[in-house]
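> This is the structure I have questions about; it appears just below.
The values are calculated or read from the model by the stated rules, or taken from the named source; none is laboratory data. Bear in mind the structure is a predicted one, so any value in this text is a computation, not a measurement. Heads up, the Cβs are rebuilt from the backbone with ideal geometry, glycines too, and the neighbour counts pull from every protein chain shown.
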């Protein structure tokens, strides 16, 4: 088939949606499909960095479109970048040929609306890969007022996209339920979770070059690795770091980027916390060292964002074989993993005492207990949440949407 993929980020960006889309695109090429991608000419992390306008990566043809570079300083600036991308996308699609299948993600919001319209005009089937749900997220973020004219307009666009999509891929049952609540036929919704990188494996701390590189060989590392998003509150982690400031064996390592980065750095500076270390996003090939370097991983899920976003970082954590704690509600996708597979820990937001108790509990684990956690986590990741399994499900959905 001739397949077109639509998303703001793609190779070489390190955003989660980019990495998952790259994995899918490469697999489609390896199965002899013809694959084109339309993405942003500006880097996701550095809006002033320009990428090649046209590039071929592992058989995938990448077409990058011009956008503004206001960045993430405010929701207004980010909105302008989103708007410029959608306008450029509209003009780009006028010159594109017909495709058998178009797959649209959700960055920027309503990119899939243009994908649906493209298929209506030129033919082909459309698959909506829902990495989040809008305008619900925009309402929770305070960007859009529920019930306003703008909300009703954006919601109408979203519902039109769902109704006209041949297939909708939701990341968990909560997201699928939210989409169904908008009056969408459940028969077209597939629940397919994301996945981790195949090369992430449990490795011992003694063999881990990440620990050696940052001189953390003898430390107990509490790690938050990923997007510092509004959807993932970090105040409980920061307050726990302050409570443990005098325990020189424990360090809190934050790896990634996002709108909460300044909050982390300001907290560290305000309270003079030497036990907080910040590092930028790691290159994809380095994740196999950074994730297993942790002794305890943090996964944060905002109460109001269940079903709207999905913390895909959990799959890399599972594959690394390290213990994790969910800071957030029990009734969410990560809570389901904890309950169904008896793995991981959970505390509510603002329960600093509870988090400190879990840190102590993990510190007291025996070597045999750690090995059992690693075995169980890695087995779960490679069996139920593997890259091969999830991509096979997506490709089956694509084929089915094409022949219906």
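> Go through region 1-27 and report how many residues are at pLDDT 95 or above and in contact with a helix residue (DSSP H, G or I) (Cβ under 7 Å, 6 or more places away or on another chain).
Selection size over region 1-27: 11.
> Just a yes or no: is a residue in region 208-226 in a loop (DSSP other than H, G, I, E, B) and within 25 Å of residue 332 (Cβ to Cβ)?
No, because not a single residue in region 208-226 is in a loop (DSSP other than H, G, I, E, B) and within 25 Å of residue 332 (Cβ to Cβ).
> So if I check each of 56, 9, 67, which one is crowded, with 22+ Cβ neighbours inside 10 Å and more than 17 Å from residue 104 (Cα to Cα)?
67
> Let me ask another. Is it true that some residue in region 364-373 is in contact with a strand residue (DSSP E or B) (Cβ under 7 Å, 6 or more places away or on another chain) and modelled with pLDDT of 95 or more?
Scanning region 364-373, I find no residue that is in contact with a strand residue (DSSP E or B) (Cβ under 7 Å, 6 or more places away or on another chain) and modelled with pLDDT of 95 or more, so the answer is no.
> Determine, yes or no, whether residue 227 is buried (at least 16 other Cβ atoms within 10 Å of the Cβ) and either assigned by TED's automatic domain parsing to the domain that holds residue 282 or at pLDDT 95 or above (or both).
yes
> List the number of the failed condition for residue 142; all other conditions in (1) over 23 Å from the mean Cα position of the chain (by Cα); (2) assigned to a loop (DSSP other than H, G, I, E, B); (3) exposed (fewer than 14 other Cβ atoms within 10 Å of the Cβ) hold.
Unmet condition: (1).
> While we're here: Select the helices (runs of 4 or more DSSP H) contained entirely in region 289-404, then report the ones holding at least 2 residues which are over 27 Å from residue 279 (Cβ atoms) and under 21 Å from the mean Cα position of the chain (by Cα).
Those helices (runs of 4 or more DSSP H) span 333-341, 367-384, 387-403.
> So which residues in region 237-267 are modelled with pLDDT of 95 or more and either in a strand (DSSP E or B) or at positive phi (or both), if there are any at all?
250, 251, 252, 253, 254, 255
> Determine whether residue 295 is in contact with a strand residue (DSSP E or B) (Cβ under 6 Å, 6 or more places away or on another chain), modelled with pLDDT of 95 or more and more than 25 Å from residue 17 (Cα to Cα).
yes
> Among the candidates 179, 169, 184, 191, which residue alone is at pLDDT 95 or above, touching a helix residue (DSSP H, G or I) at 6+ places or on another chain (Cβ under 8 Å) and surrounded by fewer than 18 Cβ atoms within 10 Å (Cβ to Cβ)?
Numbers: 179 fails: surrounded by fewer than 18 Cβ atoms within 10 Å (Cβ to Cβ); 169 fails: surrounded by fewer than 18 Cβ atoms within 10 Å (Cβ to Cβ); 184 fails: surrounded by fewer than 18 Cβ atoms within 10 Å (Cβ to Cβ).
Just one listed residue meets the conditions, 191.
> Which one is surrounded by the most Cβ atoms within 10 Å (Cβ to Cβ) among residues in region 355-369 that are within 19 Å of residue 206 (Cβ to Cβ) and touching a residue at least 40 places away in the same chain (Cβ under 8 Å)?
Checked region 355-369; the qualifying residue surrounded by the most Cβ atoms within 10 Å (Cβ to Cβ) is 362.
> Let me ask you something else. Can you tell me how many residues within region 268-290 are under 25 Å from residue 246 (Cα atoms) and either in contact (Cβ under 8 Å) with a residue 60 or more places away in the chain or surrounded by fewer than 19 Cβ atoms within 10 Å (Cβ to Cβ) (or both)? First the steps, then the outcome.
Filtering region 268-290 for residues under 25 Å from residue 246 (Cα atoms) gives 268-279, 290.
Right, trim to either in contact (Cβ under 8 Å) with a residue 60 or more places away in the chain or surrounded by fewer than 19 Cβ atoms within 10 Å (Cβ to Cβ) (or both) and you get 269-274, 277-279, 290.
Result for region 268-290: 10.
> In addition: Would you confirm whether or not region 27-46 contains a residue that is closer than 29 Å to residue 154 by Cβ, surrounded by fewer than 16 Cβ atoms within 10 Å (Cβ to Cβ) and free of Cβ contacts under 8 Å to residues at least 40 places away in the same chain?
yes
> Going by the conditions given, is residue 75 surrounded by 13 or more Cβ atoms within 10 Å (Cβ to Cβ), in the same structural domain as residue 27 (by TED's automatic domain parsing) and more than 19 Å from residue 37 (Cα to Cα)? Break it down into steps so the answer makes sense when it comes.
On the way: surrounded by 13 or more Cβ atoms within 10 Å (Cβ to Cβ): yes; in the same structural domain as residue 27 (by TED's automatic domain parsing): yes; more than 19 Å from residue 37 (Cα to Cα): yes.
Criteria met by residue 75.
> Has region 87-94 got any residue that is surrounded by fewer than 20 Cβ atoms within 10 Å (Cβ to Cβ), in the same structural domain as residue 33 (by TED's automatic domain parsing) and touching a helix residue (DSSP H, G or I) at 6+ places or on another chain (Cβ under 8 Å)?
So far as region 87-94 goes, yes, one or more of its residues are surrounded by fewer than 20 Cβ atoms within 10 Å (Cβ to Cβ), in the same structural domain as residue 33 (by TED's automatic domain parsing) and touching a helix residue (DSSP H, G or I) at 6+ places or on another chain (Cβ under 8 Å).
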